[in-house]
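For reference, the structure discussed in these notes is given below.
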Amino acid sequence: MKRGRPALRLKRGHEAARTHPWIFKGDVADASEVEPGSEVTVIDAGGRFVGRGFYNPRPALCCRILTWADEPLDAGFFQRRIAAAVGLRRGPSQAPPALCRLVWSEADGLPGLVVDRYGPVLVAQCLTLGMARARSLFTAALGGILADASVFDMDDPTSARLEGFSAALGWAGGPGPRTVRVIEDGVTFEVAIGTGHKTGLYLDQRENRARVGALSRDRDVLDAFSYTAGFACHALRGGARRAVCIESSPEAIAGARMNLALNGVADRAEISATNVFDELRRLEREGARFGVIVLDPPPFARSRSALDAAARGYKEINLRALRLLERGGSLLTFSCSHHVSDTMFDEICRDAAADAGVRLRVVDRLGQAHDHPVVLTIPETRYLKGLHLESL
């Protein structure tokens, strides 16, 4: 290890940082005086090199390791890491897909950075102070690899408050288009750059949307928490008789109407602008039935302290959905709450089925799209879990 670098020394016995990039304040024996968000060398209790990352004393998760090699976090480092991430996603044409997650934080060795591609636009999202300070480095690397793409910075406001930086929202260089039309497995979506949830579209669900399209022919489909009607558009293009979308956000509903019209299926779609819990109960009272139901709620448990309330919420929506499901119909139900384990989610759905008096077959276990890779030793990289269930 080179001398003179700011260092963070781990407590004896706190060796998880050799395989997992997160270091909490409770893991730290002492740290050099270093400007928040700056590069720091991590050493163990005996002074041996562990890795190098960005340090921020403000949050409980105070350091994220970017490399376990003795190398600087400079322009060359970012060029190599982003080139590797892009290479992982190259298709048969040797070009990365026009619609994909290009950089997925810890899974691509760049904790605190997410980059999504929407055709000619790359939307970059910083989740840590260190990555925000490195913006010029990763922006230059992106420009060197995808020179024709415009980069739009859209940082996560919650992470920015926690980490202590101003969330960027705007073009990194010259301006690009504020709306982009993209095609996902034959379905057209209009993405408004810089608005809405995540970076504009839930790319992690793209493979599951295609699955719904294949299931929906001659079925009535219910798309709960529909956002901009991604699942409903795939269902209707796949031959569904009709689709009912439940969404309470006016902004999302406007996007849903646009996407349904773009795909020529608006005449077979209904949008219920209301609370999902209330609408599921109303549909049950009316005796409605659906052949395919999708439950894709926002995270109900953002912390471990919220798990009990989250479990009640997940059970409620699954119970109501199962009472609306036709025999032989499919329920695709999801949780994007990292703190809700696979086992816990199974138990919630099992309890809901018992209360609904429904027998279910597990057709498949679902997760995030393959451009959101999972690292075995970093379980946080696998956050989306789902079940494809069939009523017997």
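Hey, can you tell me all the residues within the range 18-62 that are touching a His at 6+ places or on another chain (Cβ under 9 Å) and either more than 17 Å from LEU162 (Cβ to Cβ) or small (Gly, Ala, Ser) (or both)? Selection gives GLY26, ASP27, VAL28, ALA29, ASP44, ALA45. The set of residues in the range 1-32 that are in contact (Cβ under 8 Å) with a residue 12 or more places away in the chain, of a type in the set (A, V, I, L, M, F, W, C) and surrounded by fewer than 17 Cβ atoms within 10 Å (Cβ to Cβ) comprises MET1, PHE24, ALA29. Applying the set (1) of a type in the set (A, V, I, L, M); (2) in a loop (DSSP other than H, G, I, E, B); (3) at pLDDT 95 or above to LEU201 leaves exactly one unmet item: (3). Can you say whether LEU99 is within 26 Å of ALA214 (Cβ to Cβ) and buried (at least 17 other Cβ atoms within 10 Å of the Cβ), as far as the supplied structure shows? For LEU99, the condition - within 26 Å of ALA214 (Cβ to Cβ) and buried (at least 17 other Cβ atoms within 10 Å of the Cβ) - is met. Residues considered: ARG181, ARG161, ARG133. Of these, the only one that is basic (Lys, Arg), closer than 17 Å to GLY37 by Cα and in contact (Cβ under 8 Å) with a residue 40 or more places away in the chain is ARG133. Against the definition (without any contact (Cβ under 8 Å) to a residue 40 or more places away in the chain, touching a Lys or Arg at 6+ places or on another chain (Cβ under 9 Å) and closer than 25 Å to TYR383 by Cα), how does GLY213 come out, yes or no? Against the criterion (without any contact (Cβ under 8 Å) to a residue 40 or more places away in the chain, touching a Lys or Arg at 6+ places or on another chain (Cβ under 9 Å) and closer than 25 Å to TYR383 by Cα), GLY213 qualifies.
So, in the range 33-56, how many residues would count as being assigned to a loop (DSSP other than H, G, I, E, B) and surrounded by 14 or more Cβ atoms within 10 Å (Cβ to Cβ)?
Restricting attention to the range 33-56, the residues satisfying the condition of being assigned to a loop (DSSP other than H, G, I, E, B) are 33-37, 44-48, 56.
This time we only want the ones that are surrounded by 14 or more Cβ atoms within 10 Å (Cβ to Cβ), so: 34, 36-37, 44, 56.
Selection size over the range 33-56: 5.
Would the range 329-337 turn up any residue that is at pLDDT below 85, under 24 Å from VAL212 (Cβ atoms), assigned by TED's automatic domain parsing to the domain that holds GLU284 and surrounded by 15 or more Cβ atoms within 10 Å (Cβ to Cβ)?
yes
Considering the range 223-250, and only residues there that are among the aliphatic types (A, V, I, L, M) and touching a Gly at 6+ places or on another chain (Cβ under 9 Å), the residue that is surrounded by the most Cβ atoms within 10 Å (Cβ to Cβ) turns out to be ALA235. When the range 177-199 is filtered for residues that are farther than 25 Å from ARG268 by Cβ, in contact with a strand residue (DSSP E or B) (Cβ under 7 Å, 6 or more places away or on another chain) and either of a type in the set (Val, Ile, Thr) or buried (at least 18 other Cβ atoms within 10 Å of the Cβ) (or both), the ones remaining, listed by number, are VAL180, ILE193, THR199. As for the range 38-58, it holds at least one residue that is of a type in the set (Phe, Trp, Tyr) and either free of Cβ contacts under 8 Å to residues at least 40 places away in the same chain or within 20 Å of SER105 (Cβ to Cβ) (or both).
When the residues of the range 351-373 are narrowed to those that are over 20 Å from ARG209 (Cα atoms) and of a type in the set (A, V, I, L, M), which ends up surrounded by the fewest Cβ atoms within 10 Å (Cβ to Cβ)? Looking at residues that are over 20 Å from ARG209 (Cα atoms) and of a type in the set (A, V, I, L, M), I get ALA354. Screening the range 215-316 for strands (runs of 3 or more DSSP E) wholly inside it with 3 or more residues that are within 25 Å of the chain's Cα centre (by Cα) returns the ranges 220-224, 242-246, 290-295.
The values are calculated or read from the model by the stated rules, or taken from the named source; none is laboratory data. Being a predicted model, the structure only gives us computed values, none of them experimental. Note that we place each Cβ from the backbone using ideal geometry, even for glycine, and neighbour counts take in every protein chain shown.
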